[in-house]
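The values are calculated or read from the model by the stated rules, or taken from the named source; none is laboratory data. If you're wondering where the values come from, they're calculated on a predicted model, not measured in any experiment. When we count neighbours, we look across all protein chains shown, and the Cβ atoms used for this are built from the backbone with ideal geometry, even at glycine.
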């Protein structure tokens, strides 16, 4: 494993920053203290910054040489609205808020890379350090783009990285194509005619329509989409009724849809709407159908994914670069990949034995109240960022596009 020595030397200081962020988690678009800390560190290291993009976003700019080529590196900063079970010294001080997805670690790895790149500018061009707010449901990437991220900071490619528990530290996963799914939500309200449960013939029972509807949705997965395509429809909430002897006036159904392609998403939304409306009508009811598209699928560009994989192989060896198994989780880095070519990789976070005594009883998995980021990743992740910059912006290089034309 070829980790940069100077990054290892500075790792303890960066880990302390990571723990400070972990102890003071902030939710989407409220990452004020976190952004202040990031901005202060970048300024301390002589890195010009731009603040306020996407509300609380921070962009650091490191230039060297004469080339007008540039790439972007992105880390997310926000926490989750959940209570932490850990009791170690850096556990959350903010009730109901927790860094349970490792965004504190993502920020730390990019800060470690920034510190090194500011001192050792072994590249020709510009690297933009994108510290993004509101990944957890707020669409911070989309908001930064709306605020002119790629117009103010033109770059030819953008890269992101997420820790991944359950893989042995020292391993990465990166592949071309879809790696994370789209995230979408639906809400259906079925309107019937309430009445006495002993006199069902006098009313229109929306509960029966709801039961038929929920089962029929799964036929979209089994009979409408191609068997080799991946898609999930999950009904996660059904709200109806207040008394056992009353047929309710209405039933509310909510849930999520995940796909790896927009074409399949179009099909699912169309068929769900048809099933909802016609099933309601068949029972003499009506319905309101809402379908909200949140995050699009995260799709890695082939050239950039293959390039990232080669950079990683040079650091950890070919055996430690795994094929990226697509996950039905979602990620708003997808918005950046709709605008620019790039790649999103996973860095192994280990099995959880890095947690200090006093952690909670649950597993060290993402979005778990006993999760903690593994600080051993900081030198490794930062080394990847640095080598990616150095290889992308090597003096005299023409970029990936030029190499493939």
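Here are a few things to note about the model shown:
- Only a single criterion out of (1) in contact with a strand residue (DSSP E or B) (Cβ under 9 Å, 6 or more places away or on another chain); (2) part of a loop (DSSP other than H, G, I, E, B); (3) surrounded by fewer than 24 Cβ atoms within 10 Å (Cβ to Cβ); (4) at negative phi is not satisfied by residue 371, namely (3).
- Within the stretch 298-311, tally of residues that are surrounded by 18 or more Cβ atoms within 10 Å (Cβ to Cβ) and over 21 Å from the mean Cα position of the chain (by Cα): 3
Residue-by-condition table, conditions (1) more than 15 Å from residue 179 (Cα to Cα); (2) in a helix (DSSP H, G or I); (3) touching a strand residue (DSSP E or B) at 6+ places or on another chain (Cβ under 7 Å):
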{"residue": "299", "(1), (2), (3)": "no, no, yes"}
{"residue": "306", "(1), (2), (3)": "no, yes, no"}
{"residue": "313", "(1), (2), (3)": "yes, yes, yes"}
{"residue": "330", "(1), (2), (3)": "no, no, yes"}
{"residue": "335", "(1), (2), (3)": "no, yes, no"}
{"residue": "346", "(1), (2), (3)": "no, no, yes"}
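Yes/no per residue for (1) without any contact (Cβ under 8 Å) to a residue 60 or more places away in the chain; (2) closer than 14 Å to residue 285 by Cβ; (3) loosely packed, with under 13 Cβ neighbours inside 10 Å:
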{"position": "199", "(1), (2), (3)": "yes, no, yes"}
{"position": "203", "(1), (2), (3)": "yes, yes, no"}
{"position": "212", "(1), (2), (3)": "no, yes, no"}
{"position": "215", "(1), (2), (3)": "yes, no, yes"}
{"position": "232", "(1), (2), (3)": "no, no, no"}
{"position": "238", "(1), (2), (3)": "yes, no, no"}
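- Strands (runs of 3 or more DSSP E) contained entirely in the stretch 15-92, each with at least 2 residues that are within 11 Å of residue 132 (Cα to Cα), touching a residue at least 60 places away in the same chain (Cβ under 8 Å) and under 17 Å from the mean Cα position of the chain (by Cα): 70-76
- Considering residues of the stretch 159-179 that are in contact with a helix residue (DSSP H, G or I) (Cβ under 8 Å, 6 or more places away or on another chain) and part of a loop (DSSP other than H, G, I, E, B) only, the residue surrounded by the most Cβ atoms within 10 Å (Cβ to Cβ): 174
- Selected residue (criterion: surrounded by the most Cβ atoms within 10 Å (Cβ to Cβ)) from residues of the stretch 92-117 that are out of contact with any helix residue (DSSP H, G or I) (no Cβ under 7 Å at 6 or more places or on another chain) and over 22 Å from residue 52 (Cα atoms): 100
- Of everything listed in (1) buried (at least 19 other Cβ atoms within 10 Å of the Cβ); (2) within 19 Å of the chain's Cα centre (by Cα); (3) more than 26 Å from residue 27 (Cβ to Cβ), the single unmet condition for residue 125 is (2).
- Test result for residue 288, in contact (Cβ under 8 Å) with a residue 12 or more places away in the chain, in a strand (DSSP E or B) and over 23 Å from the mean Cα position of the chain (by Cα): yes
- Check on residue 362, at negative phi and either crowded, with 24+ Cβ neighbours inside 10 Å or modelled with pLDDT under 95 (or both): yes
- Qualifying residue in the stretch 252-263 (condition: surrounded by fewer than 22 Cβ atoms within 10 Å (Cβ to Cβ), touching a helix residue (DSSP H, G or I) at 6+ places or on another chain (Cβ under 6 Å) and either in a helix (DSSP H, G or I) or not assigned by TED's automatic domain parsing to the domain that holds residue 383 (or both)): no
- With respect to the stated conditions, residue 219 is surrounded by fewer than 20 Cβ atoms within 10 Å (Cβ to Cβ), within 30 Å of residue 180 (Cα to Cα) and over 26 Å from the mean Cα position of the chain (by Cα).
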